[in-house]
Each structure stands twice: as C-alpha cells, then as structure tokens.
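Data first, discussion second: the structure below is written as structure tokens.
The values are calculated or read from the model by the stated rules, or taken from the named source; none is laboratory data. Just so you know, these numbers come straight off a predicted model, no measurement behind them. As a convention, Cβ positions derive from the backbone with ideal geometry for all residues, glycine included, and neighbour counts pool all protein chains shown. All accessible areas refer to the heavy atoms of the entire protein, side chains included, with ligands and DNA or RNA removed. Shrake-Rupley method; radii C 1.70, N 1.55, O 1.52, S 1.80 Å.
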Amino acid sequence: MITIQSSIAKIRLSTALASLLISIIAFYGNDLLNRDGILYVDMASAYAQGGFEALLQYSDFGWPFFSIVIAYIHQITHLPVELSAIVLNVFLFVVLTDALVLVSNKILPNSRQVAFAALLFLCFLTLNHYRVFIGRDVGYWAFCMLALYQFILYLEKPSIKKALLWQVLMVLAILFRIDGVVILLGLPLYLFTTQSPTIALKQIIQFFYLLIAGALLAMLIAIDQSSLATIFSKIGSVTKYINPDNVLTHFKLNTDLIETHILNKWSARYSALILSSGLITMLAYKLINALTLGYLGIYIYSLWKHTFHRVTPYRKLIAYFLALNIIILLGFIFTEYFVSKRYTVLAVMCLLLLMLPRICDTLEKVWLAKYKPIIVAVGLILFVSLVDSVTHSNSKLYIKDVAIWASNNLPETSTVLTNNKIIKYYFNNHQPVAKISLTPSVNAYQNIDGYQNYDYLIILLEKNKSKQLRQQLTTMKIKPVFKLENERGSNATVYQIQPSK
C-alpha cells in the first residue's frame, strides 16, 4: 500500500510540475491578453485602488470574485496586476490537473494507468487551449473536480468533516461561476441511488447545513452592505435559467420566427422540433469536437482491439455528474441560443473520465506488449496535441506594438479613439500623456462614428473582415501616421484626424 501511495504521490508531483511548465511556455509564447482577461485585470486594479466601491462601475458584469483574488495577490506580492492574474491562472491549472489525477486514481486499478491518464490530461488540446486565457473558468473547473473527488471520499467513508469540505469546495467553485449552484444542489441527490431513503436524507442534510448558515450570513451582510448586491448582481440572473415561463416565452418567439420566415405552411408545425433538435445537435457537436479527433481515435481503437471486462468504480457517479453539467448547458443554450466550447470543458472532462478506464487499459496492454506501431501513433497524437495547444501561428503582437508606439509618441493632451479594447488596454498600460477612448458603437468593426471629435484614431482591421469599415476609411479625413501588420494581412494603424475645412 505504501508503494502504491508513493507512486501516486510521484505522479501527482510530476503532473503538477509539468502543468506548471506547460502554462509558463503557453504564456511566454502568447502575444496578447484575451479580452475577458483585460476586463478581469481592470476590475482587479479598480478593487486594489478603491475596494468594493470601485467595482460599482463594473456592476454589469456582476461576479467579481476572480478579480478580487487577483487584487489580493497583487497587494500581497507587489507583482503587477497582470502578472498576478497569470500567477493565479497557472496555479489554478495545477490544481485542476492534480484534481483530475486524484479522481483518476479512484477509477483506475493501478498507478501505471493513472500515469497514462495524467499524460492524457496534460496533452489535452481543449484544456490546454485555455492556459493562455486569463479567466475565471479554470477556477470553476478546478474546484468542481476537487468537490467531485471529495464526494467520492465521502461515499467511501461518510463523515461530517468530508461533507463540510465538499461544501467549502463547491462554494469556492460558485464564487468563480454561478453555474455551480446546480451541482451544489444536485450532486447530493445521488445519495438516494446508494442508500435507503432514510439514510440518504440524513446524509444529504450534512451536505447543506453550511449552505443554510451561509445563506443567513449572506443576507445579514447584504443588509449591511447594499453595494454588495449590486457588485454580485449575477446571482439574480439564475432566475432567468430556472424560470420556465421565461424560457418558454423565448422559445415560442423563436419557433414563431422559424414558422413564419423559414418553413412553409405544411412544415410549420415542426418548428419547435426543428429548433430544439438543432440546439441539442449543436451542443452534441461542441462536446464531440472538444474531445478532439486524436483522443476519439485512441478511444475507438481501444473499443475495436481490446476487450474490457473490469467494472469501473464510480462510473455511475461520474455519469450523474456529467448529466448535471449537461443540464447546465441545456439551460444556457435554450436561454441564450448559443454555446461556446469554453462552457463545455467541464462536461468534456467528465466524458474523458468515463473513457479513461478503457483507454488506459488499452495503453497499458500496448505498453507491456511493446507494440511499437501503436505506441508511436499514440505518442505522436499526444505530442501534436500538446505542441498545437501551446504554439500560436497567427501572431497578434502588431496590435500591442502599435498601442505602445501610440502611447509613447502621441502628443500630450491629445485625444485618441480606438475600436479595439486590447489597443486601449496596452495604450493605457504604458503611461501615456494622451487620453484614449473606446468607440461606444456596437458595430465598431463595421463603422466608426464621432471620430471628428478626436485628434487621433487607432483602427484594427482584420483580414477578410470589416469590409464596411475599410470602405469608410477611404472617405474619412485622416492621415496614416504609423502602421504594423502581420503575415496574414491584418493590420493596426494610427491615423491623425485632419480638421474639417
């Protein structure tokens, strides 16, 4: 037993160090901060300077916990705010990969297969794609996975301490993303499948006493600090997803649109079926696509070549955990009518955990049999997946360089207008003497309004986009001052605005 625990400890340590290195390499090769990252960094700066009152200007966002943590890291370490955000992001990825190893250890029979699982997680393209993003999602993923692991420990040997730790982990997950409320309320119900109703009900109470006490405390704090309700306003948005009338009203409006503008009179009655099946198909495609072709290929090979008879521990629990995440995604997609791959990551990791026992069993057999063609093929898939996820072929450094040039060279007291948040961020980050504004138009990449009221204009034009804006630029009274572009023809240009005659 000591040997097994020692092996798992070594795998966890190696995985943590590898995850740390991959994140550092990813950030080192990244040109720009992502748009959401800019928002989080700006909010962290505001909180560090003015506390909760300063966050009121970001009340539309409504869930600033991630930025508050960044601000405290900045204040404690005296690192720049952006670097503090990167440090937090890197740390959370280490926590996430460690949590995945811990869960894998509960469902796989030996340390060799756990090592294969760790390798699969470290090279997973979908996961690594977000290593360069400053974002709160990784905190949500990490603490949800830790909560799942803690729930497994509770199933093995129930105790109030384990139930308490599960609640703490879920509260932390919710502080990163409000979506975790569904898991907080739903996962304990799994106990009804493992215990008699009486025992399950007693155990479920253990999973909610902290929640009840926390809700009462939150109400008292909210009464005393009314600004907190505004700053954490996203808690009210939960009702949008759980209110059937709201969902059904929007669904009816969209089915009516399909019925009247797309379908003919003989097919009109199928509008609800077409819309719902289309949304579900889109979600299924996102999930399958996020698993990546290479990993699906390895799984299909394991189904085709090797028999697998072992009963996987906690398979039903992970499937139930996946179902809760699917419910979250369905609630979102039937309310917002789109879904980003980023939102599917936790569900995709659940799918991968369900696939792991068969994949790792196959990899172990191939490794022990020294079947070199398959070893090389799997190694190549993992290597390509890892390299592809931490390298970037389309450089956007020109955007940052133009912003910095403008910040350093435009005259004092001059006013600048830009159509890009990233340009504004890097402009302000280099102690400018000029003042920059972001165009308020929602169609800033199609048309620029009110530019005559400024001295300079900084425009980002991406290849094959902004055709309307390109045409407008030819009619505007502007003179190019500085321009940079990448190999694909996208460019950022500083224009001096000519006075009207």
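Can you find even one residue in region 48-60 that is within 14 Å of R136 (Cβ to Cβ) and modelled with pLDDT under 95? Walk me through it before giving the result.
Of the residues in region 48-60, the ones within 14 Å of R136 (Cβ to Cβ) are 58.
With modelled with pLDDT under 95 added as a condition, the list becomes 58.
Checked against the condition, which is being within 14 Å of R136 (Cβ to Cβ) and modelled with pLDDT under 95, region 48-60 yields at least one hit.
Restricting to region 124-133, give me the number of residues that are surrounded by fewer than 24 Cβ atoms within 10 Å (Cβ to Cβ) and part of a loop (DSSP other than H, G, I, E, B).
Narrowing region 124-133 to residues surrounded by fewer than 24 Cβ atoms within 10 Å (Cβ to Cβ): 125-126, 128-131, 133.
Now drop any that are not part of a loop (DSSP other than H, G, I, E, B), which leaves 129-131, 133.
Count: 4.
Search region 415-452 for residues being among the aliphatic types (A, V, I, L, M) and assigned to a strand (DSSP E or B), and hand back the single one that is modelled with the lowest pLDDT. Explain how you work it out, then say what you get.
Residues of region 415-452 that are among the aliphatic types (A, V, I, L, M), as a first pass: 416-417, 422-423, 433-434, 436, 438, 442, 444, 448.
Subset that is assigned to a strand (DSSP E or B): 416-417, 436, 438.
On the way: V416: 93, L417: 92, I436: 91, L438: 86.
Filtering region 415-452 for residues that are among the aliphatic types (A, V, I, L, M) and assigned to a strand (DSSP E or B), the one modelled with the lowest pLDDT comes out as L438.
Can you name the condition, by its number, that L438 falls short on among (1) under 20 Å from Y495 (Cβ atoms); (2) open to solvent by less than 50 Å² (accessible area, probe 1.4 Å); (3) under 28 Å from the mean Cα position of the chain (by Cα)?
L438 satisfies every listed condition except (2).
Spot the failing condition for R112; the list is (1) in a loop (DSSP other than H, G, I, E, B); (2) touching a Leu at 6+ places or on another chain (Cβ under 9 Å); (3) open to solvent by 30 Å² or more (accessible area, probe 1.4 Å), and only one is missed.
The single condition R112 does not satisfy is (1).
Could we say that C360 is free of Cβ contacts under 8 Å to residues at least 40 places away in the same chain, within 29 Å of L155 (Cα to Cα), in a helix (DSSP H, G or I) and open to solvent by less than 10 Å² (accessible area, probe 1.4 Å) here? Please lay out each step first, then the result.
Values: free of Cβ contacts under 8 Å to residues at least 40 places away in the same chain: no; within 29 Å of L155 (Cα to Cα): yes; in a helix (DSSP H, G or I): yes; open to solvent by less than 10 Å² (accessible area, probe 1.4 Å): yes.
It is false that C360 is free of Cβ contacts under 8 Å to residues at least 40 places away in the same chain, within 29 Å of L155 (Cα to Cα), in a helix (DSSP H, G or I) and open to solvent by less than 10 Å² (accessible area, probe 1.4 Å).
Working only within region 448-496, note down all residues that are open to solvent by 20 Å² or more (accessible area, probe 1.4 Å), within 18 Å of I423 (Cα to Cα) and of a type in the set (V, I, T).
Within region 448-496, V481 is the sole residue that qualifies.
Test L287 against the stated conditions and say whether it is modelled with pLDDT of 90 or more, crowded, with 18+ Cβ neighbours inside 10 Å and under 17 Å from the mean Cα position of the chain (by Cα).
On the way: modelled with pLDDT of 90 or more: yes; crowded, with 18+ Cβ neighbours inside 10 Å: yes; under 17 Å from the mean Cα position of the chain (by Cα): yes.
Answer is yes for this residue.
Can R358 be described as under 26 Å from the mean Cα position of the chain (by Cα) and not small (G, A, S)?
On the way: under 26 Å from the mean Cα position of the chain (by Cα): no; not small (G, A, S): yes.
Spelling it out, it is not the case that R358 is under 26 Å from the mean Cα position of the chain (by Cα) and not small (G, A, S).
Per-residue answers, yes or no, for (1) touching a residue at least 24 places away in the same chain (Cβ under 8 Å); (2) charged (D, E, K, R); (3) part of a helix (DSSP H, G or I); (4) closer than 16 Å to L324 by Cα:
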position: L148; (1), (2), (3), (4): yes, no, yes, yes
position: K161; (1), (2), (3), (4): no, yes, yes, no
position: W166; (1), (2), (3), (4): yes, no, yes, no
position: A173; (1), (2), (3), (4): yes, no, yes, yes
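Residues checked against (1) surrounded by 23 or more Cβ atoms within 10 Å (Cβ to Cβ); (2) of a type in the set (A, V, I, L, M, F, W, C); (3) in contact (Cβ under 8 Å) with a residue 12 or more places away in the chain:
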position: G51; (1), (2), (3): no, no, no
position: L100; (1), (2), (3): yes, yes, yes
position: I107; (1), (2), (3): no, yes, yes
position: V138; (1), (2), (3): yes, yes, yes
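Would you confirm whether any residue within region 259-268 is free of Cβ contacts under 8 Å to residues at least 12 places away in the same chain and closer than 30 Å to D361 by Cβ?
Step one: filter region 259-268 for residues free of Cβ contacts under 8 Å to residues at least 12 places away in the same chain, giving 260-268.
Of the ones still in play, those that are also closer than 30 Å to D361 by Cβ are none.
No, region 259-268 contains no residue that is free of Cβ contacts under 8 Å to residues at least 12 places away in the same chain and closer than 30 Å to D361 by Cβ.
Restricting to region 168-198, name every residue that is more than 24 Å from F332 (Cβ to Cβ) and either open to solvent by 80 Å² or more (accessible area, probe 1.4 Å) or within 27 Å of the chain's Cα centre (by Cα) (or both).
Looking only at region 168-198, we keep the residues that are more than 24 Å from F332 (Cβ to Cβ), and these are 168, 191-198.
Selection gives V168, F192, T193, P197, T198.
Please specify each residue of region 363-400 satisfying the condition of being in contact (Cβ under 8 Å) with a residue 40 or more places away in the chain and among the aliphatic types (A, V, I, L, M).
Answer for region 363-400, where residues must be in contact (Cβ under 8 Å) with a residue 40 or more places away in the chain and among the aliphatic types (A, V, I, L, M): L363, I374, V378, I381, L382, V384, L386, V390, L397, I399.
Among the residues of region 363-378, write down those that are closer than 24 Å to S19 by Cα and exposed (fewer than 13 other Cβ atoms within 10 Å of the Cβ). Talk me through it step by step, then tell me what you get.
Taking region 363-378 as the starting set, the residues that turn out to be closer than 24 Å to S19 by Cα are 363-364, 367, 375-378.
V376, the sole residue that qualifies.
If you check A44, A9, A71, which single one turns out to be aliphatic (A, V, I, L, M), open to solvent by less than 30 Å² (accessible area, probe 1.4 Å) and free of Cβ contacts under 8 Å to residues at least 40 places away in the same chain?
Working: A44 fails: free of Cβ contacts under 8 Å to residues at least 40 places away in the same chain; A9 fails: open to solvent by less than 30 Å² (accessible area, probe 1.4 Å).
Just a single option satisfies the conditions, and that option is A71.
Quick one: which helices (runs of 4 or more DSSP H) lie wholly within region 263-355 and hold at least 1 residues that are touching a Phe, Trp or Tyr at 6+ places or on another chain (Cβ under 6 Å)? Show your work before the answer.
Working: elements: 271-291, 293-305, 315-336.
Once the helices (runs of 4 or more DSSP H) in region 263-355 are filtered for at least 1 residues that are touching a Phe, Trp or Tyr at 6+ places or on another chain (Cβ under 6 Å), what remains is 315-336.
Could you grab me the full set of residues in region 462-483 that are closer than 19 Å to I436 by Cα and within 36 Å of the chain's Cα centre (by Cα)?
F482, K483
Within region 316-344, restricting attention to residues that are charged (D, E, K, R) and either under 18 Å from D137 (Cα atoms) or touching a residue at least 12 places away in the same chain (Cβ under 8 Å) (or both), which residue is most open to solvent (accessible area, probe 1.4 Å)? Lay out the reasoning, then the answer.
Just the residues of region 316-344 that are charged (D, E, K, R), to begin with: 316, 336, 341-342.
This time we only want the ones that are either under 18 Å from D137 (Cα atoms) or touching a residue at least 12 places away in the same chain (Cβ under 8 Å) (or both), so: 316, 341-342.
On the way: K316: 161, K341: 66, R342: 44 Å².
That would be K316.
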